[in-house]
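Structure, as structure tokens:
The values are calculated or read from the model by the stated rules, or taken from the named source; none is laboratory data. Everything numeric here is computed off the predicted structure, so don't read it as measured data. Here the Cβ positions follow ideal geometry from the backbone for every residue, glycine too, while neighbour counts run over all protein chains shown. Just the protein is used for accessible areas: all its heavy atoms, side chains included, with ligands, DNA and RNA removed. Shrake-Rupley method; radii C 1.70, N 1.55, O 1.52, S 1.80 Å.
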Amino acid sequence: TTFQDGGEEVEDGAVYNVTLKKVQIQQAANKGARWLGGEGDQLPPEHTVRQYETSKIRAIKAGTLEKLVENLLTAFGDADFSYISIFLATYRAFASPRAVLELLLDRFENLETSSHGEVANLNSLESEMVLRVEVASVLRAWLDQCSEDFREPPDYMCLLKLLDYLKNNMPNSDMESRVQNLLKQFQNQEVEAVDGFRSTSSSDLVDGEELEISNPEEFSSFQDHVVAEQLTYMDVMLFKRVVPYHCLGCIWSQRDKKENKNLAPTVRATITQFNAVTKCVISTVLGTRELKIQQRAKIIEKWIHIAHECRILKNFSSLRAIISALQSNSIYRLKTTWMCVSKDILLMYEELSEIFSDHDNYLTSRELLMKEATSKFANLDSSEKENQKKSQKRLQLQKNKGVMQGTVPYLGTFLTDLIMLDTALQDYVEGGLINFEKRRREFEVIAQIKLLQSSCNSYCLIPDQKFIHWFRRQRHLTEEESYKLSREAEAAADTNILSPKSQKSMVKRISTLFLGTDVFTPPKEQPPKSSPVGGSSGESTDSASVSSCEFNHSETEDVCVTPVSSPEDPLKKGYDSDKGSISSDKGSGSSKGLDSNKGSVFEPGSGSDSGSFPTRDSGSVPSSAPRVLPVYNRQSGGSCIIRVSMDGLHASVYKSILITNQDRIPDVTQRALLKHNLEPDAVEDYELVQVISEDKELVFPRDANVFYGMNSHVNFDFILRKKA
């Protein structure tokens with residue numbers, strides 16, 4: 001089979017990409033070979049005759065909503081077999097379920113009306129029958145793949161409209177029964193909490209029961225594999241419920257608006273769980289003042305073992321949450337405690353941390369996730385022989401149970417990719433047509449989420465109510481509390497019997513583990529400043545910049561990433577369970593951006609900022625998707641992505657903005673105000689400043705070209721400041 005680009009076809013309200021597909025349909029012996037009695041499949045090529053068939057594949061590239069809905073009925077005829085799935089997974093970015101359903105059903109009603117207005121003939125009846133089958137096929141796929149689209153309490157207008165259509169056109173059909181059952185199911189379900197799911201928060205406690213700091217003895221009583229299995233159980237239940245369209249960049253990036261406080265509840269629930277795990281780790285390590293150095297080190301070792309068990313279970317969400325907590329400033333700075341952690345366990349910790357290394361845009365974690373997405377068991381490798389033996393022994397126990405495992409991903413990876421796609425690609429092309437090529441790119445990411453959700457059905461985990469109850473009643477420390485307790489613990493440790501020589505030796509050993517031959521520089525020991533109003537309660541303020549990631553830590557920006565940090569950049573963040581975000585608890589330096597998915601071309605800095613609103617400028621786009629998308633921290637092809645924060649109230653929150661070499665200060669300022677939900681008319685009241693270093697800034701003149709005027713040798717971090 002060979003393919004050939006057939007160019008574009010333009011119709012009224014739609015643009016199609018055309019591909020010519022040439023397929024061999026028959027191979028037979030030529031005349032001379034037949035005379036000799038030979039068979040085509042047993043002869044060399046020079047003695048055979050091949051017959052080929054060329055077919056045309058039309059894939060809609062852009063169109064009006066009416067054309068996109070109409071294409072649902074003709075996609076199979078155009079050989080665009082994935083179109084229905086792509087449309088259903090992404091249409092919420094540009095239309096509502098009611099609008100799509102009305103257009104779909106009106107299409108059938110219009111044909112039925114026209115056929116009744118003329119003398120009935122065989123052709124009109126046949127067309128009506130074919131259309132009825134096509135509509136039924138689309139509706140069936142809609143109910144199979146996206147039944148949550150019809151959850152519209154209390155009226156359920158779309159379901160009622162669909163039910164009325166089925167009663168009139170497909171009475172007593174299986175689909176009619178299915179819609180009736182779905183309606184009853186929605187109506188009979190209890191009213192869910194605001195976030196749509198039971199979360200691991202204080203709301204699950206029995207009336208009158210108070211939160212408490214973890215008792216070290218009680219925590220130690222839980223076996224490592226039991227803790228990992230229970231965390232995986234909770235993660236699986238939440239991840240399977242994630243509605244894929246909630247992850248779309250244009251939807252997730254708007255969650256900070258007041259009217260959208262209940263937006264994307266399924267994603268918020270996973271974030272709440274991630275934050276709860278991170279804060280549970282911090283509370284168990286720091287919550288008890290009376291712990292001795294060795295006892296605190298044992299708790300850290302236990303969490304590293306639990307993280308390793310999560311790795312065996314292919315639970316990358318809790319694995320990352322635990323690693324993030326151990327890399328947080330309040331725990332990472334416990335130098336004396338880390339000295340008491342055994343060498344083998346430190347090596348295990350280092351190997352687990354490397355999974356989330358930000359090198360080459362988190363390539364390690366991406367490749368590992370795709371490698372194990374559908375594998376039955378984890379693929380464990382260790383450079384340390386003893387750890388390798390333990391890993392293989394634990395893995396063999398899992399295999400002996402005969403139960404396959406699914407894979408729970410770190411959702412922030414996908415959120416970042418979708419945010420960056422939404423920022424880099426336009427929603428509309430020339431003529432106001434919906435850019436469906438953008439939706440095809442987004443579906444590449446969503447398809448991976450669906451694949452992993454399907455794999456989670458392989459898990460066979462039983463909830464342990466004792467552990468779940470213990471986990472939910474933990475009182476989480478604020479950033480200020482954890483930092484204070486960390487300083488107290490380290491101060492008490494300084495009075496221990498370790499000599500200065502042994503301390504220096506241990507510090508050198510730890511620095512070698514984490515950084516090779518780099519010099520160990522302890523993080524700055526400055527108490528965190530109070531968080532800005534409206535910011536996440538856990539957001540760090542001792543860092544030069546905070547990446548705008550919901551997972552990666554700031555509720556006001558979306559996609560999470562907690563790169564493995566160096567001693568000077570200890571954590572980067574941990575969730576803020578109160579706000580559904582990861583609290584930023586990092587040292588100096590801005591965290592790099594997140595991962596892009598397979599097929600995306602973002603660099604390490606491209607994803608740390610996710611909550612930005614996409615640029616909605618309409619205009620023509622190239623006939624094919626760009627080979628390299630704009631990225632953060634690099635100018636390419638006359639465009640790049642910068643991160644802009646608001647001075648003062650929102651100083652710790654970044655929004656990503658796509659700029660080109662044609663943009664001047666007023667254009668960029670207006671877009672930044674829009675993304676921060678401020679009035680865009682106040683452009684003249686603000687000035688744009690690029691952060692060069694802690695004590696240097698680049699202030700742009702009023703009409704400067706931002707692309708050519710910016711310093712491209714430092715981070716593309718900007719501040720929008722109100723003029724004096």
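Overview of results
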{"item": "Conditions (1) closer than 30 Å to ILE86 by Cα; (2) open to solvent by 20 Å² or more (accessible area, probe 1.4 Å); (3) not aliphatic (A, V, I, L, M); (4) not in a loop (DSSP other than H, G, I, E, B): number failed by HIS225", "result": "(1)"}
{"item": "Condition check for SER357: in the same structural domain as GLN405 (by the TED database) and surrounded by fewer than 21 Cβ atoms within 10 Å (Cβ to Cβ)", "result": "yes"}
{"item": "Members of the stretch 82-126 that are open to solvent by 80 Å² or more (accessible area, probe 1.4 Å) and either among the basic types (Lys, Arg) or modelled with pLDDT of 95 or more (or both)", "result": "ARG98, ARG107"}
{"item": "Residue ranges of strands (runs of 3 or more DSSP E) in the stretch 670-724 with at least 1 members within 27 Å of ARG255 (Cβ to Cβ), without any contact (Cβ under 8 Å) to a residue 60 or more places away in the chain and open to solvent by less than 60 Å² (accessible area, probe 1.4 Å)", "result": "686-693"}
{"item": "Qualifying positions in the stretch 707-724 - hydroxyl-bearing (Ser, Thr, Tyr) and under 12 Å from GLN690 (Cβ atoms)", "result": "SER712"}
{"item": "Residues of the stretch 290-301 satisfying the condition of being basic (Lys, Arg) and open to solvent by less than 30 Å² (accessible area, probe 1.4 Å)", "result": "ARG296"}
{"item": "Inter-residue pairs, beta-carbon under 7 Å, first closer than 16 Å to THR278 by Cβ and in the stretch 464-483, second open to solvent by less than 30 Å² (accessible area, probe 1.4 Å) and acidic (Asp, Glu), 6+ apart", "result": "GLU479/ASP585"}
{"item": "Residues within the stretch 687-713 that are in contact with an Asp or Glu (Cβ under 9 Å, 6 or more places away or on another chain) and closer than 16 Å to ARG643 by Cα, tallied", "result": "7"}
{"item": "Set GLU290, GLU229: member being over 17 Å from the mean Cα position of the chain (by Cα) and free of Cβ contacts under 8 Å to residues at least 40 places away in the same chain", "result": "GLU290"}
{"item": "Number of positions in the stretch 256-284 that are open to solvent by less than 20 Å² (accessible area, probe 1.4 Å), farther than 29 Å from ALA489 by Cα and more than 17 Å from the chain's Cα centre (by Cα)", "result": "0"}
{"item": "Enumeration of residues in the stretch 646-665 that are at pLDDT 90 or above, open to solvent by less than 20 Å² (accessible area, probe 1.4 Å) and part of a strand (DSSP E or B)", "result": "ILE659"}
{"item": "Residues within the stretch 166-184 that are open to solvent by less than 90 Å² (accessible area, probe 1.4 Å) and either outside the structural domain of ARG107 (by the TED database) or out of contact with any Phe, Trp or Tyr (no Cβ under 8 Å at 6 or more places or on another chain) (or both), tallied", "result": "9"}
{"item": "Contacts under 7 angstrom Cβ, first residue in the stretch 654-665 being over 14 Å from GLY638 (Cα atoms), partner open to solvent by 40 Å² or more (accessible area, probe 1.4 Å) and not in a strand (DSSP E or B), 6 or more apart", "result": "ILE665/ARG702; ILE665/ASP703"}
{"item": "Per-region count, the stretch 452-478, residues in contact with a strand residue (DSSP E or B) (Cβ under 8 Å, 6 or more places away or on another chain) and open to solvent by 20 Å² or more (accessible area, probe 1.4 Å)", "result": "2"}
{"item": "Enumeration of residues in the stretch 237-255 that are under 22 Å from GLN426 (Cα atoms) and under 12 Å from the mean Cα position of the chain (by Cα)", "result": "PRO244, TYR245, HIS246, CYS247, LEU248, GLY249, TRP252, SER253"}
{"item": "Among (1) among the hydrophobic types (A, V, I, L, M, F, W, C); (2) at pLDDT 90 or above; (3) part of a helix (DSSP H, G or I); (4) within 22 Å of SER328 (Cα to Cα), the one test that LEU418 misses", "result": "(4)"}
{"item": "Count of the stretch 644-672 residues which are in contact with a Leu (Cβ under 7 Å, 6 or more places away or on another chain) and of a type outside the set (Gly, Ala, Ser)", "result": "6"}
{"item": "Given (1) touching a strand residue (DSSP E or B) at 6+ places or on another chain (Cβ under 9 Å); (2) under 24 Å from LYS240 (Cα atoms); (3) open to solvent by 10 Å² or more (accessible area, probe 1.4 Å); (4) not β-branched (Val, Ile, Thr), index of the condition GLY287 fails", "result": "(2)"}
